[in-house]
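Everything on this sheet refers to the single structure shown next.
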Amino acid sequence: MFDFKKINIDKDRPYWVAFNTFQGIGPIRFLAILKIFGSAEAAWQGSRQEWKSLNLGNRLEERFFEYRQSFDPLVYFNLFNSGPIWPLTLADKEYPPLLREIDSSPFVLYIKSDLNKVKLKTLFSFPSLAVVGTRKMTGYGRQVTKQLVQELVQAGLVIVSGMARGVDSVAHQAVLERGGKTVAVLGCGVDIIYPPENRKLYQSILKNGLVMSEFPPGTLPLPGNFPSRNRIIAGMSLGTLVSEGARKSGSLITASLAAGFGREVFAVPGPINSGLSVGPMFLIKNGAKLVSKAEDILEEFSLDHFRNKRDN
(Lines give C-alpha, C1' and ligand atoms only; values in the text may rest on other atoms or scores of the structure.)
Protein backbone atom coordinates (compact mmCIF):
# COMPACT_ATOMS: atom_id res chain seq x y z
CA MET A 1 0.00 0.00 0.00
CA PHE A 2 1.21 3.47 -0.86
CA ASP A 3 2.20 5.65 2.11
CA PHE A 4 -0.34 8.47 1.79
CA LYS A 5 1.33 10.44 4.59
CA LYS A 6 3.96 11.48 2.06
CA ILE A 7 1.34 13.43 0.12
CA ASN A 8 0.04 16.91 0.86
CA ILE A 9 -3.49 15.92 -0.07
CA ASP A 10 -4.88 19.46 0.10
CA LYS A 11 -2.45 20.44 -2.65
CA ASP A 12 -2.73 17.17 -4.55
CA ARG A 13 -6.52 16.69 -4.38
CA PRO A 14 -7.34 18.51 -7.67
CA TYR A 15 -5.09 16.07 -9.53
CA TRP A 16 -6.66 13.01 -7.88
CA VAL A 17 -10.00 14.31 -9.10
CA ALA A 18 -8.54 14.98 -12.55
CA PHE A 19 -7.37 11.36 -12.84
CA ASN A 20 -10.77 10.19 -11.64
CA THR A 21 -12.45 12.05 -14.52
CA PHE A 22 -10.19 10.33 -17.06
CA GLN A 23 -11.59 6.98 -18.19
CA GLY A 24 -9.03 4.20 -18.31
CA ILE A 25 -7.24 4.68 -15.00
CA GLY A 26 -8.95 2.84 -12.17
CA PRO A 27 -7.93 2.35 -8.53
CA ILE A 28 -5.18 -0.22 -9.12
CA ARG A 29 -3.57 1.69 -11.98
CA PHE A 30 -3.79 4.94 -10.05
CA LEU A 31 -1.88 3.49 -7.09
CA ALA A 32 0.77 2.20 -9.49
CA ILE A 33 1.07 5.71 -10.91
CA LEU A 34 1.41 7.20 -7.42
CA LYS A 35 4.22 4.79 -6.58
CA ILE A 36 6.17 5.86 -9.66
CA PHE A 37 5.60 9.61 -9.47
CA GLY A 38 5.08 10.17 -5.73
CA SER A 39 2.02 12.39 -6.19
CA ALA A 40 -0.91 12.85 -8.55
CA GLU A 41 0.31 16.33 -9.48
CA ALA A 42 3.72 15.01 -10.53
CA ALA A 43 2.04 12.26 -12.54
CA TRP A 44 -0.32 14.67 -14.25
CA GLN A 45 2.61 16.86 -15.28
CA GLY A 46 4.91 13.93 -16.10
CA SER A 47 6.74 13.65 -19.40
CA ARG A 48 6.01 11.06 -22.06
CA GLN A 49 9.28 9.33 -21.21
CA GLU A 50 8.29 9.03 -17.55
CA TRP A 51 4.91 7.63 -18.54
CA LYS A 52 6.59 4.99 -20.69
CA SER A 53 7.92 3.41 -17.48
CA LEU A 54 4.35 2.58 -16.45
CA ASN A 55 3.86 0.22 -19.42
CA LEU A 56 0.22 1.21 -19.78
CA GLY A 57 0.24 0.89 -23.55
CA ASN A 58 0.59 3.45 -26.29
CA ARG A 59 -3.13 3.88 -26.82
CA LEU A 60 -3.89 4.76 -23.18
CA GLU A 61 -0.85 7.04 -22.98
CA GLU A 62 -1.90 8.89 -26.12
CA ARG A 63 -5.45 9.33 -24.83
CA PHE A 64 -4.11 10.69 -21.54
CA PHE A 65 -1.86 13.27 -23.16
CA GLU A 66 -4.69 14.39 -25.43
CA TYR A 67 -7.00 14.67 -22.42
CA ARG A 68 -4.40 16.59 -20.42
CA GLN A 69 -4.23 19.29 -23.10
CA SER A 70 -7.93 20.06 -22.79
CA PHE A 71 -8.52 19.56 -19.05
CA ASP A 72 -7.41 21.97 -16.32
CA PRO A 73 -7.49 20.26 -12.88
CA LEU A 74 -7.49 23.51 -10.91
CA VAL A 75 -10.32 25.06 -12.90
CA TYR A 76 -12.42 21.90 -12.59
CA PHE A 77 -11.68 21.57 -8.87
CA ASN A 78 -12.89 25.11 -8.23
CA LEU A 79 -16.38 23.85 -8.97
CA PHE A 80 -16.28 21.97 -5.65
CA ASN A 81 -15.09 24.85 -3.47
CA SER A 82 -18.48 26.47 -2.97
CA GLY A 83 -20.78 23.53 -3.67
CA PRO A 84 -22.31 20.76 -1.55
CA ILE A 85 -20.17 18.00 -3.10
CA TRP A 86 -16.75 17.13 -1.70
CA PRO A 87 -14.14 14.76 -3.23
CA LEU A 88 -12.88 12.46 -0.47
CA THR A 89 -9.67 10.58 -1.27
CA LEU A 90 -7.86 7.51 -0.02
CA ALA A 91 -5.35 9.88 1.57
CA ASP A 92 -8.04 11.46 3.80
CA LYS A 93 -8.47 10.27 7.38
CA GLU A 94 -12.25 10.45 6.94
CA TYR A 95 -12.22 7.76 4.24
CA PRO A 96 -14.42 4.76 5.23
CA PRO A 97 -12.01 2.41 7.07
CA LEU A 98 -13.46 -0.90 5.86
CA LEU A 99 -13.56 0.28 2.25
CA ARG A 100 -9.88 1.14 2.50
CA GLU A 101 -9.12 -2.55 3.13
CA ILE A 102 -10.30 -3.91 -0.24
CA ASP A 103 -7.95 -4.20 -3.23
CA SER A 104 -10.04 -1.96 -5.48
CA SER A 105 -10.75 0.92 -3.08
CA PRO A 106 -12.00 3.94 -5.06
CA PHE A 107 -9.26 6.57 -4.92
CA VAL A 108 -11.90 9.31 -4.99
CA LEU A 109 -15.37 9.27 -3.46
CA TYR A 110 -17.71 12.16 -4.14
CA ILE A 111 -19.67 12.91 -0.98
CA LYS A 112 -22.87 14.91 -0.79
CA SER A 113 -24.47 15.58 2.59
CA ASP A 114 -25.92 18.27 4.81
CA LEU A 115 -23.76 16.93 7.67
CA ASN A 116 -20.46 18.67 8.47
CA LYS A 117 -17.12 16.89 8.13
CA VAL A 118 -16.90 16.07 11.84
CA LYS A 119 -20.24 14.27 11.75
CA LEU A 120 -19.30 12.52 8.53
CA LYS A 121 -16.14 11.15 10.13
CA THR A 122 -18.22 9.93 13.08
CA LEU A 123 -20.70 8.30 10.71
CA PHE A 124 -17.94 6.35 8.97
CA SER A 125 -16.58 5.19 12.34
CA PHE A 126 -19.85 3.46 13.24
CA PRO A 127 -20.38 -0.17 12.20
CA SER A 128 -22.40 -0.42 9.00
CA LEU A 129 -24.43 -3.13 7.31
CA ALA A 130 -25.39 -3.33 3.65
CA VAL A 131 -29.04 -4.13 2.94
CA VAL A 132 -29.87 -5.07 -0.65
CA GLY A 133 -32.47 -6.94 -2.62
CA THR A 134 -34.85 -6.98 -5.52
CA ARG A 135 -36.34 -3.93 -7.21
CA LYS A 136 -39.68 -5.78 -7.62
CA MET A 137 -40.29 -6.70 -4.02
CA THR A 138 -43.33 -8.46 -2.57
CA GLY A 139 -45.34 -7.39 0.45
CA TYR A 140 -43.41 -9.97 2.46
CA GLY A 141 -40.09 -8.51 1.32
CA ARG A 142 -41.21 -5.02 2.27
CA GLN A 143 -42.34 -6.13 5.70
CA VAL A 144 -39.22 -8.08 6.67
CA THR A 145 -36.83 -5.47 5.26
CA LYS A 146 -38.47 -2.69 7.26
CA GLN A 147 -38.65 -4.76 10.45
CA LEU A 148 -35.03 -5.91 10.37
CA VAL A 149 -33.63 -2.54 9.35
CA GLN A 150 -35.44 -0.71 12.12
CA GLU A 151 -34.21 -3.23 14.70
CA LEU A 152 -30.64 -2.81 13.39
CA VAL A 153 -30.90 0.98 13.45
CA GLN A 154 -32.14 0.83 17.02
CA ALA A 155 -29.01 -1.17 17.80
CA GLY A 156 -26.85 1.64 16.39
CA LEU A 157 -25.84 0.39 12.95
CA VAL A 158 -25.51 2.57 9.87
CA ILE A 159 -27.41 1.09 6.93
CA VAL A 160 -25.78 1.17 3.48
CA SER A 161 -27.72 0.60 0.28
CA GLY A 162 -28.00 1.77 -3.31
CA MET A 163 -31.21 3.90 -3.35
CA ALA A 164 -32.64 1.67 -6.10
CA ARG A 165 -36.31 0.85 -6.35
CA GLY A 166 -37.63 -1.86 -4.06
CA VAL A 167 -35.57 -3.19 -1.15
CA ASP A 168 -32.96 -0.40 -1.27
CA SER A 169 -35.55 2.37 -1.01
CA VAL A 170 -37.50 0.60 1.74
CA ALA A 171 -34.27 0.10 3.72
CA HIS A 172 -33.29 3.78 3.49
CA GLN A 173 -36.81 4.90 4.39
CA ALA A 174 -36.98 2.54 7.38
CA VAL A 175 -33.75 4.07 8.71
CA LEU A 176 -35.08 7.60 8.37
CA GLU A 177 -38.34 6.72 10.13
CA ARG A 178 -36.31 5.64 13.16
CA GLY A 179 -34.00 8.67 13.07
CA GLY A 180 -30.97 6.60 12.13
CA LYS A 181 -28.09 7.18 9.73
CA THR A 182 -27.90 5.81 6.22
CA VAL A 183 -25.54 5.91 3.24
CA ALA A 184 -26.75 5.74 -0.36
CA VAL A 185 -24.13 4.60 -2.87
CA LEU A 186 -25.05 5.58 -6.42
CA GLY A 187 -24.17 4.19 -9.83
CA CYS A 188 -24.19 7.73 -11.21
CA GLY A 189 -23.00 11.16 -10.12
CA VAL A 190 -24.18 12.28 -6.67
CA ASP A 191 -25.89 15.25 -8.32
CA ILE A 192 -28.22 12.95 -10.26
CA ILE A 193 -31.30 11.53 -8.57
CA TYR A 194 -31.91 8.01 -9.81
CA PRO A 195 -34.50 6.68 -9.96
CA PRO A 196 -36.17 10.11 -10.35
CA GLU A 197 -39.15 9.20 -8.18
CA ASN A 198 -36.76 9.00 -5.20
CA ARG A 199 -36.25 12.78 -5.06
CA LYS A 200 -37.87 13.14 -1.64
CA LEU A 201 -35.94 10.14 -0.28
CA TYR A 202 -32.69 11.53 -1.69
CA GLN A 203 -33.24 14.87 0.05
CA SER A 204 -34.06 13.16 3.35
CA ILE A 205 -30.92 11.02 3.15
CA LEU A 206 -28.79 14.17 2.76
CA LYS A 207 -30.16 15.47 6.08
CA ASN A 208 -29.51 12.25 8.02
CA GLY A 209 -26.59 10.65 6.24
CA LEU A 210 -24.92 10.99 2.89
CA VAL A 211 -24.99 10.14 -0.78
CA MET A 212 -21.73 8.94 -2.33
CA SER A 213 -20.32 7.76 -5.64
CA GLU A 214 -16.95 7.10 -7.21
CA PHE A 215 -18.28 8.56 -10.45
CA PRO A 216 -17.76 12.29 -11.13
CA PRO A 217 -20.78 14.61 -10.93
CA GLY A 218 -22.83 14.50 -14.08
CA THR A 219 -22.19 10.79 -14.74
CA LEU A 220 -25.37 9.13 -15.99
CA PRO A 221 -26.70 5.89 -14.42
CA LEU A 222 -25.35 3.55 -17.08
CA PRO A 223 -25.80 -0.22 -16.56
CA GLY A 224 -22.05 -0.83 -16.46
CA ASN A 225 -21.69 1.45 -13.43
CA PHE A 226 -23.71 -0.66 -11.03
CA PRO A 227 -21.33 -3.61 -10.47
CA SER A 228 -18.71 -1.04 -9.40
CA ARG A 229 -21.30 0.59 -7.15
CA ASN A 230 -22.08 -2.81 -5.60
CA ARG A 231 -18.44 -3.38 -4.60
CA ILE A 232 -18.49 -0.12 -2.63
CA ILE A 233 -21.69 -1.11 -0.83
CA ALA A 234 -20.15 -4.47 0.13
CA GLY A 235 -16.68 -3.09 0.79
CA MET A 236 -17.63 -0.41 3.31
CA SER A 237 -19.88 -2.72 5.36
CA LEU A 238 -19.27 -5.36 8.01
CA GLY A 239 -21.69 -7.60 6.18
CA THR A 240 -24.43 -7.72 3.57
CA LEU A 241 -28.06 -8.68 4.17
CA VAL A 242 -30.20 -9.89 1.25
CA SER A 243 -33.87 -9.79 2.16
CA GLU A 244 -35.41 -10.84 -1.15
CA GLY A 245 -34.09 -11.43 -4.67
CA ALA A 246 -33.86 -13.65 -7.73
CA ARG A 247 -31.05 -16.15 -8.32
CA LYS A 248 -29.38 -13.89 -10.87
CA SER A 249 -29.53 -10.35 -9.55
CA GLY A 250 -27.42 -7.41 -8.48
CA SER A 251 -28.10 -8.21 -4.83
CA LEU A 252 -26.44 -11.61 -5.18
CA ILE A 253 -23.49 -9.96 -6.92
CA THR A 254 -23.16 -7.68 -3.89
CA ALA A 255 -23.36 -10.67 -1.54
CA SER A 256 -20.69 -12.49 -3.57
CA LEU A 257 -18.43 -9.44 -3.40
CA ALA A 258 -18.95 -9.23 0.36
CA ALA A 259 -17.94 -12.87 0.77
CA GLY A 260 -14.88 -12.25 -1.39
CA PHE A 261 -13.88 -9.38 0.88
CA GLY A 262 -14.12 -11.68 3.89
CA ARG A 263 -17.31 -10.03 5.16
CA GLU A 264 -20.40 -11.72 6.53
CA VAL A 265 -23.36 -12.57 4.29
CA PHE A 266 -26.89 -12.81 5.69
CA ALA A 267 -30.12 -13.85 4.00
CA VAL A 268 -33.80 -13.89 4.92
CA PRO A 269 -35.70 -17.09 4.09
CA GLY A 270 -38.95 -16.63 2.20
CA PRO A 271 -41.90 -18.62 0.83
CA ILE A 272 -40.63 -21.58 -1.18
CA ASN A 273 -43.12 -20.86 -3.97
CA SER A 274 -41.80 -17.32 -4.53
CA GLY A 275 -39.23 -16.68 -7.25
CA LEU A 276 -37.81 -13.89 -5.09
CA SER A 277 -36.96 -16.37 -2.33
CA VAL A 278 -34.62 -18.25 -4.65
CA GLY A 279 -31.73 -15.81 -4.19
CA PRO A 280 -31.70 -15.84 -0.36
CA MET A 281 -32.21 -19.62 -0.30
CA PHE A 282 -29.24 -20.06 -2.64
CA LEU A 283 -27.09 -17.92 -0.35
CA ILE A 284 -28.17 -19.85 2.75
CA LYS A 285 -27.36 -23.18 1.07
CA ASN A 286 -23.91 -21.80 0.27
CA GLY A 287 -23.00 -20.60 3.74
CA ALA A 288 -24.89 -17.35 4.36
CA LYS A 289 -26.42 -17.04 7.78
CA LEU A 290 -30.20 -17.40 7.96
CA VAL A 291 -31.72 -14.29 9.53
CA SER A 292 -35.13 -13.99 11.18
CA LYS A 293 -34.32 -11.21 13.64
CA ALA A 294 -31.70 -8.50 14.14
CA GLU A 295 -30.04 -10.50 16.92
CA ASP A 296 -28.94 -13.07 14.32
CA ILE A 297 -26.80 -10.36 12.75
CA LEU A 298 -25.63 -8.56 15.87
CA GLU A 299 -24.26 -11.71 17.49
CA GLU A 300 -21.95 -12.30 14.52
CA PHE A 301 -20.25 -8.95 15.11
CA SER A 302 -20.04 -9.12 18.93
CA LEU A 303 -21.56 -5.67 19.06
CA ASP A 304 -22.49 -5.86 22.73
CA HIS A 305 -22.61 -2.11 23.33
CA PHE A 306 -24.89 -1.65 20.32
CA ARG A 307 -27.11 -4.49 21.50
CA ASN A 308 -27.37 -2.85 24.92
CA LYS A 309 -28.27 0.46 23.30
CA ARG A 310 -31.18 -1.23 21.54
CA ASP A 311 -32.39 -3.04 24.67
CA ASN A 312 -32.25 0.13 26.75
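Taken over segment 186-220, the residue count meeting the criterion of being acidic (Asp, Glu), more than 18 Å from Asn230 (Cβ to Cβ) and buried (at least 19 other Cβ atoms within 10 Å of the Cβ) is 0.
Yes or no: segment 131-147 includes at least one residue that is assigned to a strand (DSSP E or B) and within 18 Å of Ser243 (Cα to Cα). Yes. At pLDDT below 95 and assigned to a helix (DSSP H, G or I), is that true of Leu60? Criteria met by Leu60. Of all residues in segment 33-54, one or more are within 18 Å of Ala91 (Cα to Cα), charged (D, E, K, R) and modelled with pLDDT under 95. The set of residues from segment 262-284 being in a loop (DSSP other than H, G, I, E, B), surrounded by fewer than 18 Cβ atoms within 10 Å (Cβ to Cβ) and not β-branched (Val, Ile, Thr) comprises Gly262, Pro269, Pro271, Asn273, Ser274.
Take Phe107 and decide whether it is hydrophobic (A, V, I, L, M, F, W, C), under 29 Å from Arg178 (Cα atoms) and assigned by TED's automatic domain parsing to the domain that holds Phe282. Considered against the rule, which asks whether it is hydrophobic (A, V, I, L, M, F, W, C), under 29 Å from Arg178 (Cα atoms) and assigned by TED's automatic domain parsing to the domain that holds Phe282, Phe107 comes out as no.
Out of the residues in segment 285-304 that are crowded, with 16+ Cβ neighbours inside 10 Å and farther than 15 Å from Ala255 by Cβ, state the one that is modelled with the lowest pLDDT. Working first, answer last.
Initially, segment 285-304 is screened for residues crowded, with 16+ Cβ neighbours inside 10 Å, giving 288-289, 291, 294, 297-298, 301, 303.
When the remaining residues are screened for being farther than 15 Å from Ala255 by Cβ, the result is 294, 298, 301, 303.
Working: Ala294: 95, Leu298: 93, Phe301: 86, Leu303: 59.
So the residue we want is Leu303.
The numbered conditions (1) in contact with a Phe, Trp or Tyr (Cβ under 6 Å, 6 or more places away or on another chain); (2) farther than 15 Å from Phe22 by Cα are all true for Val75 except (1). Out of Ser128, Ser105, one residue alone is surrounded by 21 or more Cβ atoms within 10 Å (Cβ to Cβ) and closer than 30 Å to Gly275 by Cβ. It is Ser128.
The condition of being out of contact with any helix residue (DSSP H, G or I) (no Cβ under 6 Å at 6 or more places or on another chain) and not in a helix (DSSP H, G or I) does not hold for Asn20. Based on what the data block shows, is Val278 among the aliphatic types (A, V, I, L, M), assigned by TED's automatic domain parsing to the domain that holds Val185 and touching a helix residue (DSSP H, G or I) at 6+ places or on another chain (Cβ under 8 Å)? Considered against the rule, which asks whether it is among the aliphatic types (A, V, I, L, M), assigned by TED's automatic domain parsing to the domain that holds Val185 and touching a helix residue (DSSP H, G or I) at 6+ places or on another chain (Cβ under 8 Å), Val278 comes out as no. A Cβ distance below 7 Å, combined with a sequence gap of six or more or placement on separate chains, defines the contacts here; from segment 19-40, residues that are in contact (Cβ under 8 Å) with a residue 40 or more places away in the chain and within 21 Å of Leu74 (Cβ to Cβ) reach residues that are assigned to a loop (DSSP other than H, G, I, E, B) and aliphatic (A, V, I, L, M) in the pairs Phe19/Ile25. Selection over segment 218-246 of residues that are assigned to a loop (DSSP other than H, G, I, E, B) and within 15 Å of the chain's Cα centre (by Cα) gives a count of 4.
From the list Ile205, Ile253, Ile232, exactly one residue is within 13 Å of Ala130 (Cβ to Cβ), in contact with a strand residue (DSSP E or B) (Cβ under 8 Å, 6 or more places away or on another chain) and touching a residue at least 24 places away in the same chain (Cβ under 8 Å). Which is it? Steps first, answer last, please.
Values: Ile205 fails: within 13 Å of Ala130 (Cβ to Cβ); Ile253 fails: in contact with a strand residue (DSSP E or B) (Cβ under 8 Å, 6 or more places away or on another chain).
Checking each option against the conditions leaves just Ile232.
Please verify whether Ser237 is in contact (Cβ under 8 Å) with a residue 40 or more places away in the chain, polar (S, T, N, Q), closer than 29 Å to Thr89 by Cα and in the same structural domain as Met137 (by TED's automatic domain parsing), treating the condition exactly as stated. Here the answer is yes, as Ser237 does meet what is asked. Of all residues in segment 236-254, those satisfying the criterion of being buried (at least 24 other Cβ atoms within 10 Å of the Cβ) and hydroxyl-bearing (Ser, Thr, Tyr) are Ser237, Thr240, Ser243, Ser251, Thr254.
The values are calculated or read from the model by the stated rules, or taken from the named source; none is laboratory data. All values derive from a computational prediction rather than experimental measurement. With ideal geometry, Cβ positions are generated from the backbone for all residues, glycine too; neighbour counts draw on all protein chains shown.
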